[in-house]
Amino acid sequence: MAPTAMVDITPMQLPLYSKFSNKINASVLHGPRDLRLEVRNIEEPGPGELQIAVKSTGICGSDVSYYKKFANGDLCACAPLSLGHESSGMVVAIGPLVNGFRVGDRVALEVGIPCGQCGICRKGRYNLCKKMRFRSSAKSVPHFQGTLQERINHPAMWCHKLPDHVSFEAAALLEPLSVAIHAVNRANPAPGSTALVMGAGTVGLLTAATARQAGCTSVTITDVDAGRVDYALKKGFATHGFVAPRPLHPSSSSSSISTNSGSSTPLEPGATTPASLFSNSIHDQLEGAKGLAADILSLTRLPLGLRSDDEDEGVDIAFECTGKESCMHTSLYATRPGGKVIMVGMGTPIQTLPMSAAHLREVDILGIFRYANTYATGIRLVSAQGCGGAGFALPSLDDMVTHRFKGLGSAKHAFELASKTVDDQGKLVLKVVIEA
């Protein structure tokens, strides 16, 4: 039952307070794997803010990186930090100057707060705002605390109302779905396009499904984890799947593909992996990537009688969702002349790439960073699940949640599991969620 407000809403838009205490529990990271449950104070929501009781939070690859290293890439935390940014919840208090919300409203949280005033914000590309504050990120100081707290105060304009039939878990996954929507928007596929997705983690799966929804008739997804590829095909995220030979070092990115920039030790003497094909020579690395690209493309090659002699092989769009250098190589070689490679995954910050493979074939390389103007689209897509109608429907986001943990006190166990690809029983680990 929704909490009851202590005062009535008036034309003066006085704050609508809840009966909750000003004390909340929060999961707080103090260093690598040093996660503590603490009590914090919370103020009443300020002008333009809502107070949200957080109901569901998905664990992202960046959260796992902070948990393990107290850093994500070159962003190092310098103070205690609450993690979590894939979240949904319920409005429990309303601050002044807020219209259109009531206590009890269910919302998805868009957790990046731009300045709204700079030139890039005015152009609508607010994800690139230099003053962006993003929950659970160490980029801004003081750090903007994440959503693994009982309640948070959040700007109302970045709280998105949910239909009643959309679960809190599915609403939390609107955040990674937004990454996928932004990637596909940047790619702008024509109807009937072909696509390749490198990496079958949460973002890779949702990117593949969003590409299908946008009109791509053939979408191949590849990963070293056969369980993830099988899941992608069984649930309809992709039309084709390719299990890449397994490299030697597990990845903490959004997928399990990892080759440590192309150098590793074979799993066993004589074993063939993408990494073992690559020597320290960049030439050998690129030849290995070409071979892997050819193997992937062979899945969707037309029969000989239907193939045109002058038709160029390759997909129209490759979505690189791992952030790995070797996967970027493969993406470039797997893309047809005039196609596009979309850099979705964030991983190796400095990469050696065969630029002539893009330059001489006019392959566009486009980067994406988070998302902008995507939540309304995501809510429409999720709302349409199971409603029938023509065309491809997004697979169930609820089904993507493979493991659930109850309460903030279980956060440490949730993070440990989220860093694995299978649990102790051998079950696929895809999306781990912490519930209120």
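Here are some notes:
- Which listed residue is crowded, with 16+ Cβ neighbours inside 10 Å and modelled with pLDDT under 95, from Tyr67, Tyr17: Tyr17
- Every condition in (1) outside any helix (DSSP H, G or I); (2) of a type in the set (A, V, I, L, M, F, W, C); (3) in contact with a strand residue (DSSP E or B) (Cβ under 8 Å, 6 or more places away or on another chain) is met by Leu394 except one, and the failing one is (3).
- Some residue of the range 296-315 being open to solvent by 40 Å² or more (accessible area, probe 1.4 Å), touching a Gly at 6+ places or on another chain (Cβ under 6 Å) and farther than 18 Å from Ile221 by Cβ: no
- Of all residues in the range 59-104, those satisfying the criterion of being of a type in the set (Asp, Glu) and in contact with a Leu (Cβ under 8 Å, 6 or more places away or on another chain) are Asp63, Glu86.
- Residue check, Ser62 within 26 Å of Leu430 (Cα to Cα), open to solvent by 10 Å² or more (accessible area, probe 1.4 Å) and hydroxyl-bearing (Ser, Thr, Tyr): yes
- Selection of first residues in the range 333-356 that are in contact (Cβ under 8 Å) with a residue 24 or more places away in the chain and basic (Lys, Arg) and of second residues that are open to solvent by 40 Å² or more (accessible area, probe 1.4 Å) and not in a strand (DSSP E or B), restricted to Cβ pairs under 6 Å at least 6 apart or on distinct chains, gives the following pairs, ordered by first then second residue: Arg336/Asp312.
- When the test is whether a residue is in a loop (DSSP other than H, G, I, E, B), within 29 Å of Asp230 (Cβ to Cβ) and of a type outside the set (A, V, I, L, M), Phe405 does not pass it.
- Members of the range 326-357 found to be at pLDDT below 95 and either touching a Leu at 6+ places or on another chain (Cβ under 6 Å) or buried (at least 22 other Cβ atoms within 10 Å of the Cβ) (or both), listed by number: Ser326, Gly345, Gly347, Pro354, Ala357
- Taking the conditions (1) farther than 27 Å from Arg151 by Cβ; (2) within 20 Å of the chain's Cα centre (by Cα); (3) free of Cβ contacts under 8 Å to residues at least 12 places away in the same chain in turn, Leu366 satisfies each one other than (3).
- Boolean, Ala180 is over 27 Å from Gly288 (Cα atoms) and in contact with a Leu (Cβ under 7 Å, 6 or more places away or on another chain): yes
- The set of residues from the range 71-88 being open to solvent by less than 30 Å² (accessible area, probe 1.4 Å) and more than 19 Å from the chain's Cα centre (by Cα) comprises Ala77, Leu81.
- Among the residues of the range 127-137, the ones that are open to solvent by 20 Å² or more (accessible area, probe 1.4 Å) and not in a strand (DSSP E or B) come to 4 in all.
- Residue within the range 148-159 that is in contact (Cβ under 8 Å) with a residue 12 or more places away in the chain and closer than 22 Å to Met400 by Cβ present: yes
- Scanning the range 404-435 for residues that are loosely packed, with under 14 Cβ neighbours inside 10 Å, touching a Leu at 6+ places or on another chain (Cβ under 8 Å) and charged (D, E, K, R) yields a total of 1.
Rundown of residues vs (1) touching a residue at least 60 places away in the same chain (Cβ under 8 Å); (2) not β-branched (Val, Ile, Thr), yes/no style:
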{"residue": "Val92", "(1), (2)": "yes, no"}
{"residue": "Leu97", "(1), (2)": "yes, yes"}
{"residue": "Asp105", "(1), (2)": "no, yes"}
{"residue": "Ile113", "(1), (2)": "no, no"}
{"residue": "Lys123", "(1), (2)": "no, yes"}
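- Screening the candidates Ser167, Ser193 for the property of being closer than 21 Å to Thr222 by Cβ, over 17 Å from the mean Cα position of the chain (by Cα), at pLDDT 95 or above and of a type in the set (Ser, Thr, Tyr) yields one hit, Ser193.
- Single residue of the range 159-187 satisfying the filter (open to solvent by 30 Å² or more (accessible area, probe 1.4 Å) and in a helix (DSSP H, G or I)) that is farthest from Gly104 (Cα to Cα): Arg186
The values are calculated or read from the model by the stated rules, or taken from the named source; none is laboratory data. What you see is a predicted model, and the numbers here were worked out from it, not measured in a lab. Ideal geometry is used to build each Cβ from the backbone, glycine not excepted, and the neighbour counts take in all protein chains shown. Ligands, DNA and RNA are excluded from the accessible area calculation, which covers all protein heavy atoms including side chains. Shrake-Rupley method; radii C 1.70, N 1.55, O 1.52, S 1.80 Å.
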